[in-house]
Amino acid sequence: EEYVSRAELVTILTNVFFDEKEKNECLEKYNRSGHSLYLFPDVPADSWFTAPVCVTSDDGVIKGYPDGYFRPHQRVSFAEAAKIFAKLFDIEQSKSKNEKWYESAVRGLEKQGAIPRSIFALDSPVTRAEFVEILYRLLEEKNEKPSLALADFSQHYSAPPCSDCLVIPKLDIEVPII
């Protein structure tokens, strides 16, 4: 199973949430303003993901990293994906004072029943199948499948006792490693 990169994530989501006109207007706006279109030094002007990065950044859906880079080819962690989905679907829960940056977003997905049971850690990279499942559950409001909760991620899991399976004790499941 392939993982989703940051560039792929914004491209798929812009195809769902933004039309071509919005993407083109974003690119034109940056060209006319004299600002660098390349909101991030690692997003070239002629890349297949430039317009999606432009429109999602301009709309406040995504941000770069503190060092100013977008890292388009980096895998997306579940916590990052949760934050982006929560912003797009406006499902982020109210934040408490000492909460981590991703917790209200994960609780938003939890409330929607949109966290696939195959996700085993907040920092685990999201597969394409998991990404599509989250998107489907949110778009179609399909939440009859079991969903994880923020509390399910509160413990760190130890190494599996066998070499050919991944054991997730908190969920009481074993997943074959493929």
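Just a few scattered comments:
- Hull-based mean projected area of segment 43-96, where the convex hull spans the alpha carbons, in square nanometres: 4.6
- Solvent-accessible area of residue 62 with every protein chain in place, 1.4 Å probe, in Å² to the nearest 10: 10
- Cα lying deepest toward the dipole's positive end in segment 30-99, options 60, 78, 48, charges on Cβ: 78
- Heavy-atom SASA rank of 101, 48 (probe 1.4 Å, accessible area, largest first): 48, 101
- Residue-level accessible surface for residue 39, protein heavy atoms, 1.4 Å, Å²: 50
- If the chain linking residue 111 and residue 29 were pulled fully straight, counting 0.36 nm for each residue of separation and taking away their Cα-Cα distance, it would gain 25.8 nm.
- Exposure ranking of 97, 87 by accessible area [1.4 Å probe, largest first]: 97, 87
- Accessible-area value, residue 22, 1.4 Å probe, nucleic acids and ligands omitted, Å²: 70
- Modelled FRET efficiency - R0 35 Å, residue 100 with residue 48, Cβ distances, 0.05 increments: 0.60
- Bridgeable lysines around residue 87 (alpha carbons under 26 Å apart, same-chain partners fewer than 8 residues away excluded): 21, 23, 29, 63, 95, 97, 100, 111, 142, 145.
The values are calculated or read from the model by the stated rules, or taken from the named source; none is laboratory data. In this text the structure is predicted, and so the values were computed from the model without any measurement. Here Cβ is always computed from backbone atoms with ideal geometry, including for glycine, and neighbour counts include all displayed protein chains. Only protein heavy atoms, including side chains, enter the accessible area calculation; ligands, DNA and RNA are left aside. Shrake-Rupley method; radii C 1.70, N 1.55, O 1.52, S 1.80 Å.
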